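First the structure, in the form of structure tokens, and then the observations on it.
Each value in this text was obtained by applying a stated rule to the coordinates, not by laboratory testing. This is a predicted model, so every value here is computed, not measured. Here the Cβ positions follow ideal geometry from the backbone for every residue, glycine too, while neighbour counts run over all protein chains shown.
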Amino acid sequence: MSHSNQVREYRVTDRGIELIEPYVGPEGVLTGTARLILEAREQAEADRPAKENAQRKRQIERRRAALERQIADLQAALIADEEQQKILIEEVEARESGLTHNRAVVAARRGAAE
């Protein structure tokens, strides 16, 4: 490798010294901790859309569950109203049937009395 005046970063590893390209960004040439911090910040920025999508998905799932509970509650209330209405109709029909029967009995007695 020929000589270069460019700033380099290096790491000492079990395999020896590794030269690492410096990070050249809008803030200049960064090495070491400054580089790690900026790379972590950039990675967080890159991960943000996925996290926001996951959050939106959870919000939609919670909203769907809430709406499904509301629908179930409304259906249960409707069934209860229908059952109550059925009972009221049966009572009215029984009352009318009783009145019709009573009228027939009264009419029969009048006819028998004549």
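For segment 33-46, the condition holds for at least one residue, the condition being that it is within 31 Å of the chain's Cα centre (by Cα) and loosely packed, with under 10 Cβ neighbours inside 10 Å. Is it true that I60 is surrounded by 10 or more Cβ atoms within 10 Å (Cβ to Cβ), without any contact (Cβ under 8 Å) to a residue 40 or more places away in the chain and among the β-branched types (V, I, T)? Yes, satisfied. Taken together, A108, A50 contain a single residue that is surrounded by 10 or more Cβ atoms within 10 Å (Cβ to Cβ) and either assigned to a helix (DSSP H, G or I) or not β-branched (V, I, T) (or both), which is A108.
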